Structure formats: C-alpha cells, structure tokens
Amino acid sequence: MLRKIKLYGELAEFIGHKEFEIQVDSLAKAVSFLINNFPQVEKYMNPQYYQVKVGNYAVNEEEIHHPIGQEDIHIVPVISGAGRGAGKVLIGAALIAGAFILGPTGFMTASSASSTAAVTTGTVLAKSAVYLGASLALSGVVDMLFPLPKLQQ
C-alpha cells in the first residue's frame, strides 16, 4: 500500500522535496528509500536528531522495524537541546520576579516586622532569591543551547 513520507525543515530543503508517496510497510524501509535515492542524505542526517511520527504517534528507535499501518510518516528535525532547561528558566524567572515583588519586607516574619534583624534577614533572603533565580535561569539557557552528548556503550 502506498504511504506518504513527509519531510520538514532543513531536511526537506536538503533533499529538495517535502513529500514522497512510496510503498513501504516499516520505517526502516522508508529510511532505506531515502538513503538509496539520495546517497548524501545519510551523512546529512547522522549528526542530527529527528522526531519520527506515524500519524500522530511518535516512534522510538525500538519500533523502527514494526509495521506502520496506513498512516503517513513524518520526519521532523529537532533543534538540539530542545525541551531541556525550559523548566529551570521559568522557575528562575519566577524567583527573581517574586523577590522584586515581595521585596525585603515580604521575606520578614510577621512577629518581628519592626526589628533591624528582621529587615536584614529579609534583605539577605531577597538577594539570595534573586541570585538563585539568575543561576537557575542561566543554567536552563545553557541546557537548551548545549545538549548532553550520548554515552557510547
């Protein structure tokens, strides 16, 4: 049965086509089609990450030889590091915003609101929240920009 292979992003630009209609019953045969018809595509695809979907189902490496049914195959390039670190950036931004909104008085205890020690403690805690938030946000940005290398076994 004929299936559509849909290519996206830079991969479609590199091959020069966004869609093929071929007769395959597994993802392995679909990838083999691309490699056999475009010999340079194997070198191009190797160092990059791709999300492969059959219909709306994301396929992992163990399922590459499984039958694919009647759905279209989508091969989408994934930006390296995508998804990692976004949580750190959001938490860091929330800490910084909270420190500025609450200020030193927001970190003081209600029982000792007028003492000098409480104001000093509140100031120290507010500054600490800003520093911790900035550290988390920067760490998240680094995680998004530089993916972890896969360990060779």
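The values are calculated or read from the model by the stated rules, or taken from the named source; none is laboratory data. Here the structure is a predicted model, which means the values were calculated and not measured. Here the Cβ is made from the backbone with ideal geometry for all residues, glycine too, and neighbour counts use every protein chain on show. Quick note on the areas: whole protein, heavy atoms, side chains included, nothing else; ligands and nucleic acids left out. Shrake-Rupley method; radii C 1.70, N 1.55, O 1.52, S 1.80 Å.
Among the candidates Ala30, Ala12, the residue that is at pLDDT below 90, within 25 Å of Met144 (Cα to Cα), open to solvent by less than 50 Å² (accessible area, probe 1.4 Å) and out of contact with any Cys (no Cβ under 6 Å at 6 or more places or on another chain) is uniquely Ala12.
Taking every residue in region 84-103 that is touching a residue at least 12 places away in the same chain (Cβ under 8 Å) and pairing it with any residue that is not in a helix (DSSP H, G or I), at least 6 positions away or on another chain, the pairs with Cβ-Cβ distances below 9 Å are Arg84/Pro147; Arg84/Leu148; Ala99/Phe107.
For region 49-77, residues that are surrounded by 13 or more Cβ atoms within 10 Å (Cβ to Cβ), in contact (Cβ under 8 Å) with a residue 24 or more places away in the chain and over 16 Å from Met1 (Cβ atoms) total 11.
Just checking, how many residues over region 110-153 are charged (D, E, K, R), surrounded by fewer than 16 Cβ atoms within 10 Å (Cβ to Cβ) and modelled with pLDDT of 70 or more?
Going residue by residue through region 110-153, those that are charged (D, E, K, R) are 127, 143, 150.
Cutting the leftovers down to surrounded by fewer than 16 Cβ atoms within 10 Å (Cβ to Cβ) gives us 127, 150.
Applying the additional criterion that residues be modelled with pLDDT of 70 or more yields 127.
Qualifying residue count for the region: 1.
Count of region 14-33 residues, restricted to those that are hydrophobic (A, V, I, L, M, F, W, C) and closer than 15 Å to His65 by Cβ, is 6.
Of all the criteria given as (1) surrounded by 15 or more Cβ atoms within 10 Å (Cβ to Cβ); (2) closer than 30 Å to Val124 by Cα; (3) of a type in the set (Val, Ile, Thr), the one not satisfied by Thr105 is (1).
Every residue, every condition in (1) at pLDDT below 85; (2) farther than 21 Å from Asn46 by Cα; (3) under 21 Å from the mean Cα position of the chain (by Cα); (4) in a helix (DSSP H, G or I), yes or no:
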| position | (1), (2), (3), (4) |
| --- | --- |
| Gly69 | yes, yes, no, no |
| His74 | no, no, yes, no |
| Val89 | yes, yes, yes, yes |
| Ile96 | no, yes, no, yes |
